[in-house]
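Remarks on the structure that follows.
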Amino acid sequence: MLAVSSYGSQLLALASMKRNQADFDTLSQQLATGVKSADLSAYGGTDAQRILDSHQEVARRTAYNKGIDIVEPQLKAYDLQFGRMEDLATLAEKALGGQDSYDADNVAQLGTQIDNVLRDLTSLLNERVAGQNVWGGRNSDTLPVTDLTTLPTLAAADPFVAVGDPAAGDYTLPDYHAGAPGTDQAAWTKAVFSPETGRTVQYGQVANEPAIQRLVYALRLAKSGVEAAQAAATPAAAEAAFDSFRQQSIDELSSSRNGLRALRADVSTDLKSIADSREANTAMINLMQDEHSNIVNVDKTEVAVKLTQVQAQLEATYKATAALTQTSLLKYL
């Protein structure tokens, strides 16, 4: 006997249509975006947490690499500047070494050369990178040194003695510093940053470094020797005065070069360190992105097949529902 009502069948068909339509919408979205869902609630608790963790790790490592991109040019600038300072020390030492026999005209010319070296050193120590005075410590907005050619003449050719010792809490400034006389912790504080988790690099440099103090002092000795010779009453006195300053200056220039070379080696170590950190960060970023992709990405070919199947099921349900609507109680009255 034929049933007089198809209401129950229609309800089942409608429910099937809703499920198929929901599946169709989901698969269409996956096919368009290539991911299972943009909503974390669509993933299980474990996968959702893994997605969050990968996002956080990628963001952290990306920030580290951005920091490296900012610091690396400054480190390279320090490397070049230390090399230039070594060259200036070598130039001055050779010029002094060529004065083994005293000649007033040659000594006057030497004075000009030393002034030129002092001007170049002033320019180097007042160098700005990205708008910051890179030799000023935390005082990045003010020039760290005065015009080195204007420093007072030294009275005697004494051995070099450094001033200031941050490790001991002594922040005394050398007399050529723009903030001298006095103390300034900020002027001694070197910049630091983290290139990756758990690692800190002290990359900044300051104009107060003992090796730089020694270089300035050596050049002042040379200039003071020239001035002492020019002020002497007799040629013999001039030669004696000049030679005492000359030899001490040569010794200090040699020592300053060794100190500058050591500082430059530290910069090279820092450059290698941050390059290693960038490589480690990039490797972790790639790993986390692969982890994220494995969780959220879909196989578009597989999704397209499923979408075709659901579409066929949906069309079949539409037809079945349409047929059921023709079977109503009115047809049998």
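The values are calculated or read from the model by the stated rules, or taken from the named source; none is laboratory data. Since we're looking at a predicted model, the values are computed, not measured. Because the Cβ atoms are built from the backbone with ideal geometry, glycine has one as well, and the counts that use them run over all protein chains shown. Note: areas computed on protein heavy atoms with side chains; ligands, DNA, RNA excluded. Shrake-Rupley method; radii C 1.70, N 1.55, O 1.52, S 1.80 Å.
Looking at the range 135-233, the accessible area is 44 square angstrom per residue; that uses a 1.4 Å probe and ignores ligands, DNA and RNA.
Using 1/(1 + (r/R0)^6) with R0 = 35 angstrom and r between the beta carbons of Leu287 and Asn116, what's the FRET efficiency to the nearest 0.05? The calculated FRET efficiency here is 0.05.
Equivalent ellipsoid of the range 56-288: semi-axes from √(5λ) of the C-alpha gyration tensor, largest first, are 42, 17, 13 Å. Per-atom-type breakdown for the range 56-288 gives carbon and sulfur 51% of the accessible area (1.4 Å probe, protein chains only). Spin-label pair Gln185-Ala236: with each label point 7 Å from Cα along the Cα-Cβ axis, the two points sit 5.7 nm from one another. Extension gain, Ser254 to Thr150, is 35.1 nm, computed as 0.36 nm per intervening residue step minus the present C-alpha separation.
The range 177-274 has equivalent-ellipsoid semi-axes of 39, 16, 6 Å, by the square roots of 5 times the alpha carbon gyration tensor eigenvalues, sorted largest first. With R₀ set to 41 Å, the beta-carbon distance separating Asp165 from Leu52 gives a calculated FRET efficiency near 0.30. For the pair Lys94 and Thr269 in one chain, pulling the backbone fully straight at 0.36 nm per residue adds 60.0 nm over the alpha carbon distance.
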